[in-house]
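Structure first, commentary second.
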Amino acid sequence: MSLKVSDSAPDFELVNQFGQKTSLSSFNGKKNVVVLFYPFAFSGICTGELCALRDDLASFQNDKVELLAISCDPMYSLKMFGEKEGYKFQLLSDFWPHGAIAKKYGVFNEERGCAVRGTFIIDKTGKIRWQIVNSLGDARNLVDYKAALASL
């Protein structure tokens, strides 16, 4: 599936690192959402990217914006990952059916069994307003996210 800016974002309901269900649609009319897919908990580039978000969290999670980080790792791995790194945002598990949400967003790598680095900024109406998809080894630029969020 190839999503583009102005498309309706595919809704989802996933469990976070604490076993609580979170749906994208629960933010409709309330907050813009940064949906960030990453390949693997505890891997080098992923940890670096998420730590950068953690260290500048007020830009990505506040009264106007919610940050949802999604990987195909199981909930228990995400819980340990979040605790180890001190993440104060939701880590959502797309573990089973394996990668189903990453597939809906067109960012699942079948060969590796994980999501690639896809980021989608979704407005309060559920429309995609900005997106970027990087390969597994290419870290993202948070400055681009800030500019996209500022334009909403």
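The values are calculated or read from the model by the stated rules, or taken from the named source; none is laboratory data. Computed from a prediction, not measured in an experiment: that's the story for all the values here. No Cβ is skipped: glycine too gets one built from the backbone with ideal geometry, and neighbour counts run over all protein chains shown.
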Search result, residues across the stretch 77-100 that are assigned to a helix (DSSP H, G or I) and touching a strand residue (DSSP E or B) at 6+ places or on another chain (Cβ under 9 Å): S77, L78, K79, F81, G82, A100
Hey, G86 at positive phi, at pLDDT 95 or above and in contact with a His (Cβ under 9 Å, 6 or more places away or on another chain) or not: no
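Please state which one of F27, F60, F37 is out of contact with any helix residue (DSSP H, G or I) (no Cβ under 6 Å at 6 or more places or on another chain), surrounded by 16 or more Cβ atoms within 10 Å (Cβ to Cβ) and not aliphatic (A, V, I, L, M). Step through it out loud before you land on a result.
Details: F60 fails: out of contact with any helix residue (DSSP H, G or I) (no Cβ under 6 Å at 6 or more places or on another chain); F37 fails: out of contact with any helix residue (DSSP H, G or I) (no Cβ under 6 Å at 6 or more places or on another chain).
Criteria check complete, one pass: F27.
For the subset of the stretch 37-53 comprising residues that are part of a helix (DSSP H, G or I), under 13 Å from the mean Cα position of the chain (by Cα) and without any contact (Cβ under 8 Å) to a residue 60 or more places away in the chain, which member is nearest to Q17 (Cα to Cα)? Before the answer, list the steps.
To start, the set of residues in the stretch 37-53 that are part of a helix (DSSP H, G or I) comprises 44-53.
Still in the running and under 13 Å from the mean Cα position of the chain (by Cα): 46, 49-50, 53.
Checking which are without any contact (Cβ under 8 Å) to a residue 60 or more places away in the chain leaves us with 46, 50.
On the way: C46: 16, L50: 14 Å.
Among them, the one singled out is L50.
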Can you tell me which residue among S93, S135 is among the hydroxyl-bearing types (S, T, Y) and either touching a residue at least 40 places away in the same chain (Cβ under 8 Å) or touching a helix residue (DSSP H, G or I) at 6+ places or on another chain (Cβ under 9 Å) (or both)? S93
Which condition breaks for V116 when tested against (1) of a type in the set (A, V, I, L, M, F, W, C); (2) more than 19 Å from T47 (Cβ to Cβ); (3) in contact (Cβ under 8 Å) with a residue 40 or more places away in the chain? (2)
Filter the stretch 84-100 down to the residues that are of a type in the set (D, E, K, R) and within 13 Å of T47 (Cβ to Cβ), then identify the one that is surrounded by the fewest Cβ atoms within 10 Å (Cβ to Cβ). K84
I'd like the residue in the stretch 71-98 that is in contact with an Asp or Glu (Cβ under 7 Å, 6 or more places away or on another chain) and of a type in the set (G, A, S) and, out of all such residues, is farthest from F37 (Cα to Cα). S93
Filtered residue count, the stretch 101-141, keeping only those that are among the hydrophobic types (A, V, I, L, M, F, W, C), surrounded by 16 or more Cβ atoms within 10 Å (Cβ to Cβ) and not in a strand (DSSP E or B): 5
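Condition first: modelled with pLDDT of 95 or more and under 19 Å from S135 (Cβ atoms). Can you find one or more residues in the stretch 17-30 that meet it?
If we filter the stretch 17-30 for residues that are modelled with pLDDT of 95 or more, which is where we start, we get 17-30.
Adding the requirement that they be under 19 Å from S135 (Cβ atoms) leaves none.
No.
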